[in-house]
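Engineer: Okay, handing you the structure first.
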Amino acid sequence: MKKVHLMELPREVLLGENLAGETVSVAKRLKLGRRVLVLYGPKTKEIAGGEVEENLSREFEASGVVVRGATMEEVERVIAIARETSADWMIAVGGGSIIDVAKLSSYRVGIPFVSFPTTASHDGIASANASIKDLGSKTSVKARPPIAVIADVSVIKTAPYRYLAAGVGDIISNLTAVKDWQLAHRIRGEYYSEYAASLSLMSAKMVIKNADIIRLGNEESVRKVIKGLISSGVAMSIAGSSRPASGAEHLFSHALDMLAPKPALHGEQCGVGTIIMAYLHGLKWERVRETLKRVGAPTNAYELGIDPEIIIKALTIAHTIRPERYTILGKEGLTWEAAEKAAKITGVI
């Protein structure tokens, strides 16, 4: 049998200001169909969702749906509404949760979706993977990337700066994710795409280079982070998996989500995880920590608001989150002593 490697990428990426009205042009250019489901959260409806729905209603049959979390219950509810309204496509106006629900529900219904992010906190805005809270042991599920990404800088800029800094944490984690991928390629013979890895690493290097611009929190800062997040999403689409942007640092973040009474943002946890995994890989972990400090992202347990004991525990169980994914943590994971040592040396605890 011939080996076939399918790469699905967004057909259009729009980056600019005041783009709510552009949704109509995008839908017409891509011939997305008459009936659209507009997904937003209670807050993101006020921020941009209502305006997007209003603009689309002038030319399409638009129905608005308020999504209250990235759960399978919400995914099933959106699927039912999509079928009931015979929706031709969906548009998600919001942060990661809204986009993930649209991503998975549109995939299961078999219709395209458009991503209209209101924050720049993680690379899910352009990737094929959806993170849904109650998937059992799975941390994310494969779906399809958005057919288009409409990134309105004027909207994203209004989100608290913390989200932009978290986006940097998610992008910088590509450094250790690619190292883990290379390790799995050498040790397990896992498929490796040099092109996807290079694109992923370039995104991480760009945020390191532009840390002083990003910390200003202005339009240019948002553009730098959004481009990095979209590049990460595209790298994953090229690879056909989340490998270029998700390694042991992401497993650590998922472990924190399970253990911490109040987890921090995904990108914040991944950033701190990258400091530790860079140390384990023998990379320049100080440079990772310095970049996160410069953009105002957390670099330790105290800044994450998570107990140091939980940090150590998360490091010892991270390898169990996705046992099929080989990383620097190996099959056995870290002992309590090794985890504590790594966290102390890097200043995480």
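The values are calculated or read from the model by the stated rules, or taken from the named source; none is laboratory data. All of these numbers come straight from a predicted model, not from anything done at the bench. Here the Cβ positions follow ideal geometry from the backbone for every residue, glycine too, while neighbour counts run over all protein chains shown.
Engineer: Quickly run through region 300-340 and pick out the residues that are among the polar types (S, T, N, Q) and crowded, with 22+ Cβ neighbours inside 10 Å.
Structural biologist: Matches in region 300-340: Thr327 only.
Engineer: Moving on. Which one of these does Lys179 not meet: (1) surrounded by fewer than 20 Cβ atoms within 10 Å (Cβ to Cβ); (2) of a type outside the set (A, V, I, L, M); (3) in contact with a His (Cβ under 7 Å, 6 or more places away or on another chain)?
Structural biologist: That leaves (1) as the condition not met.
Engineer: Now, a different point. Can you tell me which condition Glu290 does not meet? The list is (1) crowded, with 18+ Cβ neighbours inside 10 Å; (2) closer than 20 Å to Arg215 by Cβ; (3) among the charged types (D, E, K, R), and all the others hold.
Structural biologist: Here Glu290 meets the rest and fails (1).
Engineer: I'd like to know if region 292-315 contains one or more residues that are of a type in the set (S, T, N, Q) and under 16 Å from the mean Cα position of the chain (by Cα).
Structural biologist: The answer is no, given that none of the residues of region 292-315 is of a type in the set (S, T, N, Q) and under 16 Å from the mean Cα position of the chain (by Cα).
Engineer: Let me ask something else. Sort out for me the helices (runs of 4 or more DSSP H) sitting completely within region 1-100 that have 1 or more residues that are at pLDDT 95 or above, among the hydroxyl-bearing types (Ser, Thr, Tyr) and under 23 Å from the mean Cα position of the chain (by Cα).
Structural biologist: Because the criterion is at least 1 residues that are at pLDDT 95 or above, among the hydroxyl-bearing types (Ser, Thr, Tyr) and under 23 Å from the mean Cα position of the chain (by Cα), the helices (runs of 4 or more DSSP H) in region 1-100 that meet it are 22-29.
Engineer: On the basis of being within 26 Å of Asn300 (Cα to Cα) and either not assigned by TED's automatic domain parsing to the domain that holds Lys331 or not in a helix (DSSP H, G or I) (or both), does Ala120 make the cut?
Structural biologist: Taking the combined requirement at face value, the residue satisfies it.
Engineer: To continue, here is another question. Among the residues of region 321-340, which ones are touching a Ser or Thr at 6+ places or on another chain (Cβ under 9 Å) and farther than 18 Å from Lys179 by Cα?
Structural biologist: Selection gives Ile321, Thr335, Trp336, Ala338, Ala339.
Engineer: What number of residues within region 26-49 satisfy the criterion of being under 18 Å from Ala87 (Cα atoms) and surrounded by 15 or more Cβ atoms within 10 Å (Cβ to Cβ)?
Structural biologist: Residues that pass the stated criteria total 12.
Engineer: Another one. Could you pull out the residue among Ser237, Ser193, Ser231 that is closer than 26 Å to Ser97 by Cβ and in contact with a helix residue (DSSP H, G or I) (Cβ under 8 Å, 6 or more places away or on another chain)?
Structural biologist: Matching residue, one of Ser237, Ser193, Ser231: Ser231.
Engineer: Look at Asp152 and say whether it is buried (at least 24 other Cβ atoms within 10 Å of the Cβ), in the same structural domain as Gly16 (by TED's automatic domain parsing) and of a type in the set (Asp, Glu).
Structural biologist: In short, yes.
Engineer: Next question, about the same structure. Going through region 40-85 one residue at a time, which ones are free of Cβ contacts under 8 Å to residues at least 24 places away in the same chain and hydrophobic (A, V, I, L, M, F, W, C)?
Structural biologist: Result: Ala80, single match.
Engineer: For region 132-143: of the residues being in contact with a strand residue (DSSP E or B) (Cβ under 8 Å, 6 or more places away or on another chain) and outside any strand (DSSP E or B), which is modelled with the highest pLDDT?
Structural biologist: Only one residue tops the list, namely Ala143.
Engineer: Sticking with this structure for a sec: Can you tell me how many residues within region 329-349 are under 25 Å from the mean Cα position of the chain (by Cα) and farther than 19 Å from Arg289 by Cα?
Structural biologist: Within region 329-349, residues that are under 25 Å from the mean Cα position of the chain (by Cα) and farther than 19 Å from Arg289 by Cα number 3.
Engineer: In region 202-222, what count of residues is obtained for those that are closer than 16 Å to Thr274 by Cα and β-branched (Val, Ile, Thr)?
Structural biologist: 2
Engineer: Residues to consider are Ala143, Ala166, Ala196; find the one that is without any contact (Cβ under 8 Å) to a residue 60 or more places away in the chain, outside the structural domain of Ile79 (by TED's automatic domain parsing) and aliphatic (A, V, I, L, M).
Structural biologist: After applying the criteria, what remains is Ala196.
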